[in-house]
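Participant: The structure follows.
The values are calculated or read from the model by the stated rules, or taken from the named source; none is laboratory data. Since we're looking at a predicted model, the values are computed, not measured. All Cβ positions, glycine included, derive from the backbone under ideal geometry; neighbour counts span all protein chains shown.
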Amino acid sequence: MNSKIKIFLGALILIAFVVAVERYIGWVELLRPWQSASPVELAGAIALTFLTYGLRAMRLHDYFSTLLRGQFAANMKLTLQHNLLNNLLPMRAGELSFPVLMSRYFSVQPGVSIPVLFWFRLMDLHTLIAIALFAAGDLWLDHRYVLPLVFAWLTLPVLSFHAHQRGSRVLRDADGGWKKFAAKVLASFPQTSTAFWRAWFWTWVNWLVKLAVFAWVLRMFIDSPWSAAWLAAIFGDATSVLPIHGVAGAGTYEAGVIAALAPAGIDMNTAVRGAVNLHLFLLGSTLLGGIAAAFLPAPERKNGNS
(Lines give C-alpha, C1' and ligand atoms only; values in the text may rest on other atoms or scores of the structure.)
Protein backbone atom coordinates (compact mmCIF):
# COMPACT_ATOMS: atom_id res chain seq x y z
CA MET A 1 0.00 0.00 0.00
CA ASN A 2 1.59 3.29 -1.09
CA SER A 3 1.93 6.33 1.14
CA LYS A 4 -0.76 8.38 -0.65
CA ILE A 5 -3.36 5.71 0.02
CA LYS A 6 -2.28 5.49 3.67
CA ILE A 7 -2.55 9.26 4.07
CA PHE A 8 -5.99 9.21 2.44
CA LEU A 9 -7.13 6.43 4.79
CA GLY A 10 -5.70 8.32 7.77
CA ALA A 11 -7.69 11.42 6.80
CA LEU A 12 -10.78 9.27 6.30
CA ILE A 13 -10.37 7.79 9.79
CA LEU A 14 -10.07 11.31 11.24
CA ILE A 15 -13.24 12.52 9.50
CA ALA A 16 -15.20 9.40 10.44
CA PHE A 17 -14.06 9.76 14.05
CA VAL A 18 -15.06 13.42 14.32
CA VAL A 19 -18.47 12.73 12.78
CA ALA A 20 -19.12 9.64 14.94
CA VAL A 21 -18.27 11.47 18.17
CA GLU A 22 -20.54 14.37 17.26
CA ARG A 23 -23.41 12.05 16.38
CA TYR A 24 -23.32 9.71 19.35
CA ILE A 25 -21.96 11.92 22.15
CA GLY A 26 -21.48 15.49 20.94
CA TRP A 27 -18.21 17.39 21.08
CA VAL A 28 -19.59 20.04 23.43
CA GLU A 29 -20.64 17.39 25.93
CA LEU A 30 -17.41 15.44 25.49
CA LEU A 31 -15.21 18.49 26.15
CA ARG A 32 -17.29 19.73 29.10
CA PRO A 33 -15.01 18.07 31.74
CA TRP A 34 -12.24 20.54 30.84
CA GLN A 35 -14.34 23.30 32.44
CA SER A 36 -14.18 21.61 35.83
CA ALA A 37 -10.63 20.28 35.54
CA SER A 38 -8.24 21.67 38.15
CA PRO A 39 -5.81 24.19 36.56
CA VAL A 40 -3.23 23.26 39.18
CA GLU A 41 -3.50 19.55 38.37
CA LEU A 42 -3.33 20.20 34.64
CA ALA A 43 -0.29 22.45 35.07
CA GLY A 44 1.35 19.76 37.18
CA ALA A 45 0.59 17.11 34.56
CA ILE A 46 2.06 19.30 31.81
CA ALA A 47 5.18 19.95 33.90
CA LEU A 48 5.65 16.22 34.49
CA THR A 49 5.13 15.54 30.78
CA PHE A 50 7.90 18.01 30.02
CA LEU A 51 9.99 16.14 32.59
CA THR A 52 9.58 13.01 30.44
CA TYR A 53 10.86 14.97 27.44
CA GLY A 54 13.87 15.86 29.54
CA LEU A 55 14.36 12.23 30.55
CA ARG A 56 14.22 11.19 26.89
CA ALA A 57 16.80 13.84 26.09
CA MET A 58 18.96 12.58 28.97
CA ARG A 59 18.94 9.07 27.48
CA LEU A 60 20.23 10.42 24.18
CA HIS A 61 22.66 12.79 25.91
CA ASP A 62 24.03 9.94 28.01
CA TYR A 63 24.32 7.62 25.01
CA PHE A 64 26.37 10.15 23.03
CA SER A 65 27.97 11.65 26.11
CA THR A 66 31.25 12.66 24.46
CA LEU A 67 29.65 14.20 21.39
CA LEU A 68 26.79 15.98 23.18
CA ARG A 69 28.66 17.17 26.26
CA GLY A 70 27.73 20.79 26.98
CA GLN A 71 24.90 20.79 24.41
CA PHE A 72 21.93 19.62 26.43
CA ALA A 73 19.76 22.54 25.26
CA ALA A 74 20.36 21.58 21.62
CA ASN A 75 19.70 17.95 22.52
CA MET A 76 16.41 18.98 24.14
CA LYS A 77 15.53 20.96 21.02
CA LEU A 78 16.07 17.85 18.91
CA THR A 79 14.00 15.71 21.29
CA LEU A 80 11.07 18.13 21.28
CA GLN A 81 11.10 18.47 17.50
CA HIS A 82 11.33 14.71 17.03
CA ASN A 83 8.42 14.22 19.44
CA LEU A 84 6.32 16.84 17.65
CA LEU A 85 6.84 15.31 14.22
CA ASN A 86 6.39 11.78 15.53
CA ASN A 87 3.01 12.58 17.07
CA LEU A 88 1.65 14.66 14.20
CA LEU A 89 2.94 13.00 11.03
CA PRO A 90 1.13 9.85 9.84
CA MET A 91 2.45 6.28 9.78
CA ARG A 92 5.44 6.96 12.08
CA ALA A 93 6.94 9.17 9.36
CA GLY A 94 8.15 11.42 12.16
CA GLU A 95 10.73 8.79 13.12
CA LEU A 96 12.64 9.79 9.98
CA SER A 97 13.26 13.18 11.56
CA PHE A 98 15.60 11.63 14.13
CA PRO A 99 18.46 10.70 11.77
CA VAL A 100 17.88 13.94 9.83
CA LEU A 101 18.12 16.08 12.97
CA MET A 102 21.08 14.13 14.36
CA SER A 103 22.92 14.74 11.10
CA ARG A 104 21.95 18.41 10.92
CA TYR A 105 22.67 19.28 14.55
CA PHE A 106 25.51 16.98 15.54
CA SER A 107 26.90 15.57 12.26
CA VAL A 108 25.98 12.02 13.31
CA GLN A 109 25.44 10.04 10.12
CA PRO A 110 22.29 7.92 9.59
CA GLY A 111 24.40 4.77 9.60
CA VAL A 112 24.97 5.46 13.31
CA SER A 113 21.76 7.21 14.39
CA ILE A 114 19.29 4.78 12.80
CA PRO A 115 20.63 1.69 14.65
CA VAL A 116 20.62 3.74 17.88
CA LEU A 117 16.99 4.75 17.29
CA PHE A 118 16.16 1.10 16.62
CA TRP A 119 17.84 0.15 19.90
CA PHE A 120 15.90 2.84 21.77
CA ARG A 121 12.62 1.57 20.32
CA LEU A 122 13.45 -2.00 21.34
CA MET A 123 14.05 -0.81 24.91
CA ASP A 124 10.80 1.17 24.82
CA LEU A 125 8.83 -1.83 23.58
CA HIS A 126 10.32 -4.19 26.15
CA THR A 127 9.62 -1.74 28.99
CA LEU A 128 6.03 -1.12 27.86
CA ILE A 129 5.31 -4.85 27.70
CA ALA A 130 6.80 -5.39 31.17
CA ILE A 131 4.65 -2.62 32.68
CA ALA A 132 1.60 -3.89 30.78
CA LEU A 133 2.14 -7.35 32.27
CA PHE A 134 2.13 -5.87 35.76
CA ALA A 135 -1.01 -3.83 35.09
CA ALA A 136 -2.84 -6.69 33.35
CA GLY A 137 -1.89 -9.02 36.17
CA ASP A 138 -3.42 -6.66 38.70
CA LEU A 139 -6.67 -6.67 36.72
CA TRP A 140 -7.10 -10.20 35.38
CA LEU A 141 -4.35 -12.63 36.33
CA ASP A 142 -3.16 -14.43 39.43
CA HIS A 143 0.03 -12.88 40.81
CA ARG A 144 1.49 -16.38 41.18
CA TYR A 145 1.63 -16.53 37.38
CA VAL A 146 2.33 -12.88 36.62
CA LEU A 147 5.51 -12.49 38.69
CA PRO A 148 7.38 -15.45 37.10
CA LEU A 149 6.26 -14.26 33.66
CA VAL A 150 7.49 -10.72 34.31
CA PHE A 151 10.75 -12.02 35.76
CA ALA A 152 11.35 -14.15 32.65
CA TRP A 153 10.58 -11.18 30.43
CA LEU A 154 13.01 -8.97 32.37
CA THR A 155 15.86 -11.40 31.73
CA LEU A 156 15.73 -10.70 27.98
CA PRO A 157 17.91 -7.55 28.17
CA VAL A 158 20.67 -9.52 29.91
CA LEU A 159 20.51 -12.24 27.27
CA SER A 160 20.44 -9.68 24.47
CA PHE A 161 23.54 -7.91 25.81
CA HIS A 162 25.53 -11.15 25.92
CA ALA A 163 24.28 -12.07 22.43
CA HIS A 164 25.34 -8.63 21.19
CA GLN A 165 28.80 -9.00 22.73
CA ARG A 166 29.24 -12.42 21.16
CA GLY A 167 27.99 -11.19 17.77
CA SER A 168 30.39 -8.23 17.87
CA ARG A 169 33.34 -10.55 18.49
CA VAL A 170 32.34 -12.89 15.68
CA LEU A 171 31.85 -10.07 13.17
CA ARG A 172 34.73 -7.88 14.31
CA ASP A 173 36.97 -8.72 11.33
CA ALA A 174 34.23 -8.95 8.70
CA ASP A 175 35.50 -7.57 5.39
CA GLY A 176 32.37 -7.15 3.28
CA GLY A 177 28.74 -7.94 2.54
CA TRP A 178 26.03 -8.29 5.15
CA LYS A 179 28.55 -9.24 7.86
CA LYS A 180 30.28 -5.88 7.58
CA PHE A 181 26.90 -4.12 7.69
CA ALA A 182 25.84 -6.17 10.75
CA ALA A 183 29.14 -5.37 12.46
CA LYS A 184 28.55 -1.64 11.90
CA VAL A 185 25.04 -1.88 13.31
CA LEU A 186 26.24 -3.76 16.40
CA ALA A 187 28.98 -1.16 16.88
CA SER A 188 26.22 1.45 17.37
CA PHE A 189 24.76 -0.52 20.28
CA PRO A 190 26.13 -0.21 23.85
CA GLN A 191 29.65 -1.60 24.04
CA THR A 192 29.96 -1.80 27.83
CA SER A 193 27.67 -3.07 30.54
CA THR A 194 27.69 0.41 32.12
CA ALA A 195 26.42 2.07 28.94
CA PHE A 196 23.89 -0.73 28.46
CA TRP A 197 22.33 -0.44 31.91
CA ARG A 198 22.40 3.36 31.94
CA ALA A 199 20.31 3.36 28.77
CA TRP A 200 17.84 0.97 30.40
CA PHE A 201 17.72 3.14 33.51
CA TRP A 202 16.67 6.24 31.55
CA THR A 203 14.16 4.18 29.56
CA TRP A 204 12.44 2.82 32.67
CA VAL A 205 12.35 6.14 34.50
CA ASN A 206 10.93 7.91 31.45
CA TRP A 207 8.15 5.38 30.89
CA LEU A 208 7.18 5.07 34.53
CA VAL A 209 6.78 8.84 34.81
CA LYS A 210 5.03 9.20 31.43
CA LEU A 211 2.52 6.40 32.00
CA ALA A 212 1.83 7.53 35.57
CA VAL A 213 1.08 11.05 34.30
CA PHE A 214 -1.16 9.83 31.50
CA ALA A 215 -3.03 7.46 33.82
CA TRP A 216 -3.49 10.39 36.22
CA VAL A 217 -4.79 12.66 33.43
CA LEU A 218 -7.21 9.96 32.27
CA ARG A 219 -8.56 9.66 35.81
CA MET A 220 -9.14 13.44 35.87
CA PHE A 221 -11.85 12.89 33.25
CA ILE A 222 -13.31 9.47 34.10
CA ASP A 223 -13.55 7.11 37.05
CA SER A 224 -11.21 4.24 36.24
CA PRO A 225 -9.12 1.75 38.21
CA TRP A 226 -5.45 2.67 38.21
CA SER A 227 -4.41 -0.57 36.50
CA ALA A 228 -6.91 0.02 33.69
CA ALA A 229 -5.69 3.62 33.34
CA TRP A 230 -2.07 2.44 33.01
CA LEU A 231 -3.08 -0.12 30.39
CA ALA A 232 -5.09 2.51 28.53
CA ALA A 233 -2.04 4.79 28.36
CA ILE A 234 0.05 1.88 27.07
CA PHE A 235 -2.50 0.74 24.49
CA GLY A 236 -3.00 4.29 23.24
CA ASP A 237 0.73 4.74 22.75
CA ALA A 238 1.05 1.34 21.08
CA THR A 239 -1.39 2.30 18.31
CA SER A 240 1.32 4.52 16.81
CA VAL A 241 2.98 1.41 15.35
CA LEU A 242 -0.15 0.40 13.39
CA PRO A 243 0.37 0.41 9.61
CA ILE A 244 -2.61 2.77 9.23
CA HIS A 245 -3.90 5.30 11.74
CA GLY A 246 -5.72 8.59 11.79
CA VAL A 247 -4.04 11.95 11.26
CA ALA A 248 -2.18 12.78 14.49
CA GLY A 249 -3.44 9.41 15.75
CA ALA A 250 -7.06 10.65 15.86
CA GLY A 251 -9.44 7.74 16.14
CA THR A 252 -6.85 5.00 16.37
CA TYR A 253 -5.31 6.36 19.60
CA GLU A 254 -8.77 6.50 21.14
CA ALA A 255 -9.49 2.95 19.95
CA GLY A 256 -6.42 1.70 21.80
CA VAL A 257 -7.42 3.48 25.02
CA ILE A 258 -10.99 2.19 24.79
CA ALA A 259 -9.75 -1.36 24.15
CA ALA A 260 -7.97 -1.25 27.51
CA LEU A 261 -10.85 0.36 29.40
CA ALA A 262 -13.69 -1.85 28.12
CA PRO A 263 -12.57 -5.05 29.93
CA ALA A 264 -12.53 -3.05 33.19
CA GLY A 265 -16.30 -2.60 32.89
CA ILE A 266 -16.23 1.04 31.78
CA ASP A 267 -19.14 1.88 29.47
CA MET A 268 -18.44 3.06 25.93
CA ASN A 269 -19.48 6.71 26.32
CA THR A 270 -17.31 7.11 29.42
CA ALA A 271 -14.38 5.37 27.74
CA VAL A 272 -14.66 7.58 24.65
CA ARG A 273 -14.78 10.71 26.80
CA GLY A 274 -11.65 9.66 28.67
CA ALA A 275 -9.81 8.56 25.51
CA VAL A 276 -10.50 11.74 23.55
CA ASN A 277 -9.57 14.07 26.39
CA LEU A 278 -6.40 12.13 27.14
CA HIS A 279 -5.43 12.38 23.47
CA LEU A 280 -6.13 16.11 23.49
CA PHE A 281 -3.85 16.47 26.50
CA LEU A 282 -1.11 14.53 24.67
CA LEU A 283 -1.44 16.66 21.54
CA GLY A 284 -1.57 19.87 23.56
CA SER A 285 1.61 18.94 25.42
CA THR A 286 3.25 17.98 22.13
CA LEU A 287 2.44 21.36 20.58
CA LEU A 288 3.69 23.20 23.66
CA GLY A 289 6.91 21.21 23.37
CA GLY A 290 7.21 22.18 19.72
CA ILE A 291 6.75 25.85 20.64
CA ALA A 292 9.35 25.54 23.42
CA ALA A 293 11.80 23.98 20.94
CA ALA A 294 11.66 27.13 18.80
CA PHE A 295 13.12 29.15 21.69
CA LEU A 296 15.97 26.78 22.47
CA PRO A 297 19.39 27.73 21.07
CA ALA A 298 20.67 26.27 17.84
CA PRO A 299 23.37 23.66 18.39
CA GLU A 300 27.06 24.16 17.87
CA ARG A 301 28.01 21.74 15.12
CA LYS A 302 30.71 19.22 15.92
CA ASN A 303 32.33 16.46 13.95
CA GLY A 304 30.29 13.36 14.71
CA ASN A 305 30.53 9.70 13.92
CA SER A 306 30.62 8.66 10.30
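Participant: Against the definition (out of contact with any strand residue (DSSP E or B) (no Cβ under 7 Å at 6 or more places or on another chain), among the acidic types (Asp, Glu) and free of Cβ contacts under 8 Å to residues at least 60 places away in the same chain), how does residue 267 come out, yes or no?
Facilitator: yes
Participant: How about the stretch 184-212: which of its residues are touching a helix residue (DSSP H, G or I) at 6+ places or on another chain (Cβ under 9 Å) and outside any helix (DSSP H, G or I)? Can you show your working first?
Facilitator: Pass one, the stretch 184-212, residues touching a helix residue (DSSP H, G or I) at 6+ places or on another chain (Cβ under 9 Å): 184-191, 193, 195-212.
Result: 188, 189, 190, 191.
Participant: Give all pairs with beta carbons closer than 7 Å in which a residue from the stretch 113-129 that is touching a residue at least 40 places away in the same chain (Cβ under 8 Å) meets a residue that is outside any helix (DSSP H, G or I) and of a type in the set (Phe, Trp, Tyr); count only pairs at least 6 apart in sequence or on separate chains.
Facilitator: Filtered contacts from the stretch 113-129: 115/189; 119/189.
Participant: Are any residues in the stretch 251-267 among the hydrophobic types (A, V, I, L, M, F, W, C) and part of a helix (DSSP H, G or I), and if so, which ones? Walk me through how you get there before you give the answer.
Facilitator: First pass over the stretch 251-267, keeping only residues among the hydrophobic types (A, V, I, L, M, F, W, C): 255, 257-262, 264, 266.
Correct list: 255, 257, 258, 259, 260, 261, 262, 264.
Participant: Quick one: would you say residue 54 is in contact with a His (Cβ under 7 Å, 6 or more places away or on another chain), in a helix (DSSP H, G or I) and within 18 Å of residue 282 (Cβ to Cβ)?
Facilitator: No, not satisfied.
Participant: Does at least one position in the stretch 234-246 carry a residue that is part of a helix (DSSP H, G or I), loosely packed, with under 15 Cβ neighbours inside 10 Å and either at pLDDT 95 or above or not aliphatic (A, V, I, L, M) (or both)? Please lay out each step first, then the result.
Facilitator: The initial filter retains those residues of the stretch 234-246 that are part of a helix (DSSP H, G or I), namely 234-241.
Checking which are loosely packed, with under 15 Cβ neighbours inside 10 Å leaves us with 241.
When the remaining residues are screened for being either at pLDDT 95 or above or not aliphatic (A, V, I, L, M) (or both), the result is none.
Scanning the stretch 234-246, I find no residue that is part of a helix (DSSP H, G or I), loosely packed, with under 15 Cβ neighbours inside 10 Å and either at pLDDT 95 or above or not aliphatic (A, V, I, L, M) (or both), so the answer is no.
Participant: Would you point out the residue of the stretch 255-265, among those that are surrounded by 23 or more Cβ atoms within 10 Å (Cβ to Cβ) and more than 16 Å from the chain's Cα centre (by Cα), that is nearest to residue 10 (Cα to Cα)?
Facilitator: If we take residues in the stretch 255-265 being surrounded by 23 or more Cβ atoms within 10 Å (Cβ to Cβ) and more than 16 Å from the chain's Cα centre (by Cα), then 260 is nearest to residue 10 (Cα to Cα).
Participant: May I ask you to verify whether residue 156 is touching a helix residue (DSSP H, G or I) at 6+ places or on another chain (Cβ under 7 Å), at pLDDT 75 or above and closer than 24 Å to residue 198 by Cβ? Spell out how you get there, then give the answer.
Facilitator: On the way: touching a helix residue (DSSP H, G or I) at 6+ places or on another chain (Cβ under 7 Å): yes; at pLDDT 75 or above: yes; closer than 24 Å to residue 198 by Cβ: yes.
So residue 156 fits the description; yes.
Participant: Then there's this: Go through the stretch 242-280 and give me each residue that's hydroxyl-bearing (Ser, Thr, Tyr) and under 22 Å from residue 129 (Cα atoms).
Facilitator: Taking the stretch 242-280 and keeping what is hydroxyl-bearing (Ser, Thr, Tyr), we get 252-253, 270.
Hits for the stretch 242-280 are 252, 253.
Participant: Only residues that are crowded, with 16+ Cβ neighbours inside 10 Å and either farther than 30 Å from residue 114 by Cβ or of a type in the set (Ser, Thr, Tyr) (or both): list them for the stretch 7-24, please. Step through it out loud before you land on a result.
Facilitator: The initial filter retains those residues of the stretch 7-24 that are crowded, with 16+ Cβ neighbours inside 10 Å, namely 7, 9-10, 13-14, 17, 21.
Residues satisfying the conditions are 17, 21.
Participant: Something else now. Can you tell me how many residues in the stretch 213-225 are part of a helix (DSSP H, G or I) and touching a residue at least 60 places away in the same chain (Cβ under 8 Å)?
Facilitator: Number of matching residues: 7.
Participant: Next up: Quick one: what pairs do we get from the stretch 229-258, first residue free of Cβ contacts under 8 Å to residues at least 40 places away in the same chain and of a type in the set (D, E, K, R), second part of a helix (DSSP H, G or I) and surrounded by fewer than 23 Cβ atoms within 10 Å (Cβ to Cβ), C-beta under 9 Å, 6+ apart or different chains?
Facilitator: Going by the 9 Å Cβ cut-off, there are no qualifying pairs.
Participant: Could I ask something else about it? How many residues are surrounded by 15 or more Cβ atoms within 10 Å (Cβ to Cβ) and at pLDDT 85 or above if we restrict to the stretch 136-148?
Facilitator: The number of residues fulfilling the criteria is 0.
Participant: Still on this model: Looking only at the stretch 14-36, decide whether some residue is polar (S, T, N, Q) and touching a residue at least 40 places away in the same chain (Cβ under 8 Å). Explain how you work it out, then say what you get.
Facilitator: Going through the stretch 14-36, the residues polar (S, T, N, Q) turn out to be 35-36.
With touching a residue at least 40 places away in the same chain (Cβ under 8 Å) added as a condition, the list becomes none.
So far as the stretch 14-36 goes, no, none of its residues is polar (S, T, N, Q) and touching a residue at least 40 places away in the same chain (Cβ under 8 Å).
Participant: Please go through the stretch 73-92 and pick out each residue that is in a helix (DSSP H, G or I), of a type in the set (A, V, I, L, M, F, W, C) and either free of Cβ contacts under 8 Å to residues at least 60 places away in the same chain or crowded, with 19+ Cβ neighbours inside 10 Å (or both). Let's see the steps before the verdict.
Facilitator: Here is the first cut: in the stretch 73-92, the residues in a helix (DSSP H, G or I) are 73-88, 90-92.
With of a type in the set (A, V, I, L, M, F, W, C) added as a condition, the list becomes 73-74, 76, 78, 80, 84-85, 88, 91.
74, 76, 78, 80, 84, 85, listed by residue number.
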